[in-house]
Amino acid sequence: MKLSNQTMSNKIKLILVAAIALLGTLFFSYSVNAQEITPAAGTYSYGSTSEFSPYVALTASTTLAPTGADQNTGYLAFAVLALAASGILLYLAKNRLLPIKISK
Amino acid sequence: MRRLSIFGLCLVLGLLCVVIVSPKAHAATIFTVDDAGDDSAVDPSVGCATAGGGCTLRSAIEAEEAAVGINHAIRFNIPGPGVHTITLTSELPHITKRVTIDGTSQPGASCGTLVPDNLPGSSIPHTLLIEVNGTATGANTLTFESTASGISLKGLILNNPADGWNSLFIAGYDPGYSAQVNCNYFGTDSTGETAQTPVESNAIVGFLHGGSIQNNLISGYKSAGGQGVGIVINGDAFTIQNNLIGTTADGITALGNKSGIWLQSHNSSSSPAGTVNHNVISGNETIGIKNGEDTYSGNNSVIIGNYIGLNVEGTALGNGGDGIYSISASNFTIGGILDTDRNVISANGGNGIHVFSQGDDGSGCYSSTSGQIFGNYIGTNSSGEVSTGYGNQASGITFNEVDTNCSHGSIFSQTVGGDNTGEPNIIAGNTLDGVRVYQVPDSGTDVFGIAILANNIFSNGNLGINLAADSTGSGTADTDLGPNVINNFLMSYPATNANYYINHAVINSTAYTGNQLTVNYNFQANGVQESPYDLLASNLVGYRLDFYLNDNAQDGAYAGYNQGKTYLGSFIVNGSETNATHTFTSPVTLTGNQSISTTTTVLWQDLSSCNGVQQGSSPPYSYCGPQ
């Protein structure tokens with residue numbers, strides 16, 4: 001069965017969306033490896049300790065980062081939402097459900 | 001009536017027979033010394049009377065030894081005021097029975113309180129009036145034999161020992177042997193202000209498996225050779241408590257021995273510990289406390305609540321060498337979580353605490369494992385503050401291996417500090433490093449597993465923590481960057497380094513609002529420790545990152561580095577953190593004129609699969625390495 005140009009165009013768009021989603025997921029998945037872990041008490045022992053790192057001076061801030069959580073988790077949530085919204089927009093556009101035209 | 005009288009007579013005779021035939025119940029005998037001479041008893045089996053009619057210390061011991069039974073007592077009532085000096089002309093008989101020798105029974109004598117319950121404070125010297133001069137004995141001044149368990153010695157001044165001998169020797173070889181040695185002056189005159197020990201000698205040497213050496217002044221024993229030790233005890237379950245060791249009787253001025261105490265554990269690592277508690281050990285020429293050495297291990301020793309380098313009033317006095325010098329000692333404890341368990345170890349000429357892997361003769365390597373050092377002030381005044389003259393002149397704590405022949409695991413599994421209330425040490429004001437971990441460069445990973453957690457480390461001259469491999473020979477601390485820069489600061493570790501393979505996180509930025517402090521950091525772990533005793537990657541739990549606040553942008557000798565003065569907290573990560581953040585609630589006011597640094601500590605679990613020997617009977621094993 002021969003696909004129409006329109007169908008091909010939509011397929012390419014869908015592939016692009018999927019590729020973007022995959023890249024985004026990979027990027028943010030790497031970043032969230034900073035998860036803190038909480039091993040059960042009494043299941044481990046302490047080994048060697050390093051020296052002190054170089055110091056960094058304190059900087060006053062009016063914006064406080066999330067307490068006790070990995071900031072990248074917030075980034076990931078934002079990215080997932082943005083990707084989902086993009087997908088919905090493209091789906092609506094594909095099915096001509098949007099009041100404005102964003103593709104031929 | 002006649003019949004009654006005969007009955008009564010028989011009754012009396014019968015009772016007499018019972019008394020005569022029954023085993024004798026011997027009452028303890030008191031022998032009272034009333035003669036400061038040194039004559040022997042005419043007939044010890046009948047009493048202590050000498051030919052002159054008096055009772056001397058010598059004749060009293062002879063009579064006590066000849067008397068039936070034990071628990072006898074030797075007391076004193078020598079006529080005349082003041083101090084009575086008994087100058088021995090030969091060796092006294094060895095004491096083989098449980099006996100109490102009580103010099104405070106001399107009219108006018110009394111025990112003071114040399115170390116007050118609350119330090120810093122004031123000493124109340126003893127008033128002791130019976131002085132025993134041992135110069136001419138050619139032997140130990142007093143000897144307790146192994147059969148004399150339970151013996152008590154109180155209220156004597158024992159000085160001028162014979163050359164090469166000891167003032168008191170305790171031959172308590174047998175399990176359960178105990179002795180009480182309380183309220184005496186060793187090595188001084190009656191004032192406790194002047195040394196009376198002109199020759200090579202020690203104060204108290206022996207073996208104990210219980211009992212206490214308490215409330216004694218032990219000072220002035222000096223030596224050009226291997227003697228001059230205040231107390232040398234091999235044993236277990238004994239206590240050395242409330243003594244002044246190396247000062248005058250008022251606890252203020254140095255009247256040093258060559259060294260203060262030498263602890264030796266009895267035979268095995270399973271023995272209960274000897275405890276050194278609440279003494280003032282200061283003013284000695286070399287070491288305050290030596291814990292173990294060579295084949296005499298210092299296993300299980302407990303050292304708590306002492307001033308080591310301060311006088312009784314809390315003023316810097318120092319010992320000439322290390323405050324505590326530990327060799328071949330495992331499972332030792334220095335400090336505790338209670339204020340009363342805290343050692344203040346300051347103003348000493350060497351390190352505050354020196355854990356060493358090599359014997360004094362330089363010929364052997366001895367392993368030290370599972371030491372706990374917590375709750376101490378090291379290098380500060382008695383309030384935990386940095387003050388001029390209180391820092392130890394080397395490092396606060398040094399773990400030190402200097403011999404390339406020493407094997408893997410010379411010093412390992414030691415903990416400095418901890419998370420629980422009272423466990424952090426204050427390590428500050430020392431001339432070199434706060435904590436120095438040194439391993440002589442060679443092919444082994446000999447010094448590792450030194451966990452340094454949640455302490456307050458600041459104002460030390462060099463680095464807060466120095467993993468050093470850039471000096472050789474004597475174990476003196478390094479004062480230059482040397483390979484330390486390469487190995488540690490830049491996080492590239494060769495196999496030769498102490499605390500092998502541990503790098504720290506990199507702090508990218510910080511920000512605070514109120515007392516909420518957020519740090520942004522990267523942490524890429526280098527890996528796991530490898531051969532010859534593999535700690536496998538599967539044993540790795542994660543990495544604990546400790547964060548610290550400091551008032552200064554630079555603390556110590558090196559630009560760009562400070563020390564962990566105020567502990568903020570910690571968390572555990574998996575070792576591949578990029579651009580990560582964590583927020584702490586600061587225990588102190590954040591001003592913007594402060595700085596942050598961090599350390600990393602490895603966490604292991606279930607070391608049962610390692611190629612070496614595990615410690616403990618079940619997971620989590622705390623150690624993988626050689627026996």
>> From the list B:Gly108, B:Gly176, exactly one residue is assigned to a loop (DSSP other than H, G, I, E, B) and more than 20 Å from B:Asp34 (Cβ to Cβ). Which is it?
In response: B:Gly176
> Quick check: is even one residue across the range B:378-401 acidic (Asp, Glu) and modelled with pLDDT under 95?
Replying inline: yes
> Counting residues that are surrounded by fewer than 24 Cβ atoms within 10 Å (Cβ to Cβ), which strands (runs of 3 or more DSSP E) fully inside the range B:302-413 reach at least 2?
Replying inline: B:302-304
> Only one of (1) at pLDDT 85 or above; (2) within 8 Å of chain A (Cβ to nearest Cβ); (3) farther than 18 Å from B:Asn456 by Cβ is not met by B:Gln554, so which one is it?
Replying inline: (3)
>> Please go through the range B:299-324 and give me each residue that is modelled with pLDDT under 95 and of a type in the set (Ser, Thr, Tyr), ordered by number.
In response: B:Ser301
>> Looking at the structure I just gave you, is B:Gly461 surrounded by fewer than 24 Cβ atoms within 10 Å (Cβ to Cβ), at pLDDT 70 or above, more than 11 Å from every other protein chain (Cβ to nearest Cβ) and in a loop (DSSP other than H, G, I, E, B)?
In response: yes
>> Cβ-Cβ under 6 Å, sequence separation 6+ or interchain: first residue in the range B:583-609 and of a type in the set (Gly, Ala, Ser), partner modelled with pLDDT of 85 or more and surrounded by fewer than 19 Cβ atoms within 10 Å (Cβ to Cβ). Which pairs?
In response: B:Ser586/B:Asn515; B:Ser595/A:Ala57; B:Ser595/B:Ala553
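Yes or no, residue by residue, for (1) modelled with pLDDT under 80; (2) more than 26 Å from B:Leu467 (Cα to Cα):
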| residue | (1), (2) |
| --- | --- |
| B:Ser586 | no, yes |
| B:Thr589 | no, yes |
| B:Ser595 | no, no |
| B:Pro626 | yes, no |
> For residues in the range B:197-217 being in a loop (DSSP other than H, G, I, E, B) and at pLDDT 95 or above, which is surrounded by the most Cβ atoms within 10 Å (Cβ to Cβ)?
Replying inline: B:Asn216
>> So in the range B:557-581, with the set limited to residues that are more than 24 Å from B:Asn515 (Cα to Cα) and in contact (Cβ under 8 Å) with a residue 60 or more places away in the chain, which one is nearest to the other protein chains (Cβ to nearest Cβ)?
In response: B:Glu577
> Among (1) buried (at least 24 other Cβ atoms within 10 Å of the Cβ); (2) not in a loop (DSSP other than H, G, I, E, B), where does B:Pro161 come up short?
Replying inline: (2)
> Quick one: which of B:Asn319, B:Asn306, B:Asn291, B:Asn299 is of a type outside the set (Phe, Trp, Tyr), within 24 Å of B:Ser123 (Cβ to Cβ) and without any contact (Cβ under 8 Å) to a residue 60 or more places away in the chain?
Replying inline: B:Asn306
>> Name the single residue that is surrounded by the fewest Cβ atoms within 10 Å (Cβ to Cβ) among those in the range B:238-269 being more than 18 Å from B:Thr113 (Cα to Cα) and out of contact with any strand residue (DSSP E or B) (no Cβ under 7 Å at 6 or more places or on another chain).
In response: B:Ser268
> Do the conditions hold for B:Asp534, that is, is it of a type in the set (Asp, Glu), at pLDDT 85 or above and in contact with a strand residue (DSSP E or B) (Cβ under 9 Å, 6 or more places away or on another chain)?
Replying inline: no
> Of all the residues that make up the range B:127-146, how many are surrounded by 16 or more Cβ atoms within 10 Å (Cβ to Cβ), out of contact with any helix residue (DSSP H, G or I) (no Cβ under 8 Å at 6 or more places or on another chain) and in a loop (DSSP other than H, G, I, E, B)?
Replying inline: 5
>> I'm trying to understand the selection: among the residues of the range B:243-256, which are part of a loop (DSSP other than H, G, I, E, B) and more than 13 Å from the chain's Cα centre (by Cα)?
In response: B:Gly246, B:Thr248, B:Ala249, B:Asp250, B:Gly251, B:Ile252, B:Thr253, B:Leu255, B:Gly256
> Out of all the residues in the range B:558-584, which are touching a helix residue (DSSP H, G or I) at 6+ places or on another chain (Cβ under 8 Å) and either of a type in the set (S, T, N, Q) or modelled with pLDDT of 95 or more (or both)?
Replying inline: B:Asn574, B:Ser576, B:Thr578, B:Asn579, B:Thr581
>> B:Ala49 - would you say it is small (Gly, Ala, Ser) and surrounded by fewer than 22 Cβ atoms within 10 Å (Cβ to Cβ)?
In response: yes
>> If a residue must be surrounded by fewer than 23 Cβ atoms within 10 Å (Cβ to Cβ) and in a strand (DSSP E or B), how many such residues does the range B:218-237 contain?
In response: 2
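The values are calculated or read from the model by the stated rules, or taken from the named source; none is laboratory data. Note that the structure is a prediction, hence the values are computed from the model and not measured. FYI the Cβ positions are ideal-geometry reconstructions off the backbone, even for glycines, and counts take in every protein chain you see.
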